[in-house]
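Input: a single structure, listed below in structure tokens.
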Amino acid sequence: MSASLAPECNEVKERYDSCFLKWYSEKFLRGAARSDECAPLFVEYKACLNKALKDRGIDVLIEEARVESKESDDTWLRKGS
Amino acid sequence: MVKFYTQSYTYDYPFPTVTLAYFLRYPNPFSTHVLSTDVISRSFDAESQTLHTTRLHLKRSKLPTAVLNILPRSLLGTSASSGNDSQAYILEHSAIDLRTGTMRTENRNLDWTGVLSVVERQTYTASGAPLASDPESHTAVSTTVTLSSRLGQRFKRRPTAAAPDADEDSASKLGFFKSWSQASIQRSIEAIGLKRASKSQPNAKEGMKHVLERLRSGGLGAVLEEMRRLQREGQGFGFICWSHGWLRRV
């Protein structure tokens, strides 16, 4: 499993990743997914990660990239969805 | 000013396997420079059976020396070597539509975007019915890399909302001759970026093929085992970075 940029989040990330990969391969890819079953674990992981992103100032970088992405090519990923 | 790189390729694997490999592609033996991958957001829509994911990759990277040599020292700030031996963040979006059998992805750099912005977009398309387990089915991918330099127009190494944009001010004072040379610097930087992109693309493809092959021969378990091993081996470098505080970016 790939590591988190924040070592303190590795454990919760690993639990989330395991859950996701199981859900993705056994449910989503078979067209049998009805809801994101790993959402509660993601909330936990995200709480840890958000703090790390903020501490390192990366949250600002991500926000700016999102705005930029919207300005130029919002249609790319939304197309067909 | 923008430069493009385009390419098409076909993986001899079914669409579902290719999308799984996409999520599992870092680290792999062809991309050991990827230090970490985090999920920033993920949303699943049951009605349309689509999955949107945003991830953040941290890669060991540096501005190409050729670019560093072109850049005026003043643009690099107080530590002119800060563009070297550093790390770069990549933001990745992916949208998987299971019903139509398409996956659209976008990867863009978050660092040095004023010097060179690199946006890679891919569309993966299933050859037949996306859910069919036909082992003969394959997945086509088309890749476009867009490179653009806005050097001098809006140079920012780091977005700092509070700081006044001194470079923008100085850019407006440029005379005709200077803006002409600015354009030629931008073109040179884009050309260097293009060269780099065309070198790294085959590597990215080999990495995907490697993960796909392991998925076929050993399943998910084999891929995860290798990821853990590469992670352990890569930790030496990670530790050095941490102890030098290189990850403190702002």
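If I model a spin label at A:ASP55 and B:ARG187 as a point 7 Å from the Cα along the Cα→Cβ vector, what separation in nanometres do I get? With each label point 7 Å from Cα toward Cβ, the separation is 4.7 nm.
Put simply, chains B and A cover up around 4400 Å² of each other's accessible surface, both sides summed, when a 1.4 Å probe is used. Would you mind checking the pairs A:LYS13/B:LYS209; A:LYS51/B:LYS209; A:LYS22/B:LYS3 and listing those with alpha carbons more than 30 angstrom apart? The pairs that break the limit, which is 30 Å between Cα atoms, are A:LYS51/B:LYS209; A:LYS22/B:LYS3. The range A:35-50 and the range B:94-128 have their alpha-carbon centroids 23 Å apart. For chain A, the relative contact order is 27 percent, taking Cα pairs closer than 8 Å that sit 6 or more residues apart in sequence and dividing their mean separation by the residue count. Taking label points 7 Å from Cα along the Cα-to-Cβ direction, A:GLU68 and B:GLN153 give a separation of 1.2 nm. For the range A:37-68, a reduction of at least 40 Å² in accessible area between the chain on its own and the assembled protein chains (probe 1.4 Å) is found at A:PHE42, A:ARG56, A:ILE58, A:LEU61, A:ILE62, A:GLU64, A:ALA65, A:ARG66, A:GLU68.
The calculated FRET efficiency for B:SER200 paired with A:GLU44, based on their beta-carbon distance and R0 = 41 Å, is about 0.75.
Expressed as a whole percent, the accessible area of the range A:7-56 that falls on carbon and sulfur atoms is 54 (1.4 Å probe). Computed from backbone phi with θ = phi - 60° and the Karplus coefficients 6.51, -1.76 and 1.60, the 3J(HN,Hα) list for the range B:209-226 is 4, 4, 5, 4, 5, 5, 4, 6, 7, x, x, 4, x, 5, 5, 5, 4, 5 Hz; x is used for glycine and proline.
The values are calculated or read from the model by the stated rules, or taken from the named source; none is laboratory data. Since this is a predicted model, take the numbers as computed values, not measurements. Heads up, the Cβs are rebuilt from the backbone with ideal geometry, glycines too, and the neighbour counts pull from every protein chain shown. SASA here: full protein model, heavy atoms, side chains in, ligands and nucleic acids out. Shrake-Rupley method; radii C 1.70, N 1.55, O 1.52, S 1.80 Å.
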